[in-house]
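Computed from the coordinates by the stated procedures, all read-outs in this text should not be read as laboratory data. The shown structure was predicted, so the numbers you read here are calculated from the model rather than taken from an experiment. Positions of Cβ are backbone-derived with ideal geometry, glycine not excepted, and every protein chain shown enters the neighbour counts.
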Amino acid sequence: MRDRRAPFAVKPAGRGRGSHAGASLGRVGGAAAPELARPRPRLDVDVKVPAAQVRHRPTGTNRPRTMTIMASETQKPDLTPPRDVADAAAHGLDLRRRFKRGGTNVGVARARDLSNRRNLSPDTIRRMTAYFKRHAVDKDASGFGDDDDPSAGYVAWLLWGGDRGREWAEKKARELDDA
């Protein structure tokens, strides 16, 4: 369609090739009209770093002085599972394979991540702590802790890292909350 006041074609939003659902930007000659574009959110970051960790570039040139802030280990904890948590998850995978019970697809995926010692996300750590809180009652079932005839709850518990996985996830969740 052509607007009689404009010397160029104006294409309505949300129609034609290349548009997507919910598009609300008008298009001018195939490009987004700058006056119709949504403003990008401004990201303000306030980082508190000890003065000893701030490094300055030498000022012997005409370049402006810049500052590089190095993140400390306390700001971003290491979320790689320890060896004993990985071993418990691998044991859970083995019991699940042998006895054909225990755990969900999510638990199996978690066990694979833990046994391969992949670096986990903060959300995953929080999901682990939530799992252990919800399933603490599984420890009261018969067959919990029995490797010869394990309960489904025991297998699932091991898939998420076992008792050591619970301690580790809770410790990491506290570190994430403090950072």
* Asked: When residue 123 is evaluated against the numbered criteria (1) surrounded by 15 or more Cβ atoms within 10 Å (Cβ to Cβ); (2) part of a helix (DSSP H, G or I), which criterion, by number, is the only one it fails?
  -> (1)
* Asked: Hey, any hits in the range 71-82 for a residue that's assigned to a helix (DSSP H, G or I) and in contact (Cβ under 8 Å) with a residue 40 or more places away in the chain?
  -> no
* Please determine, by comparing only the residues of the range 130-179 that are among the charged types (D, E, K, R) and part of a loop (DSSP other than H, G, I, E, B), which one is surrounded by the most Cβ atoms within 10 Å (Cβ to Cβ). => 147
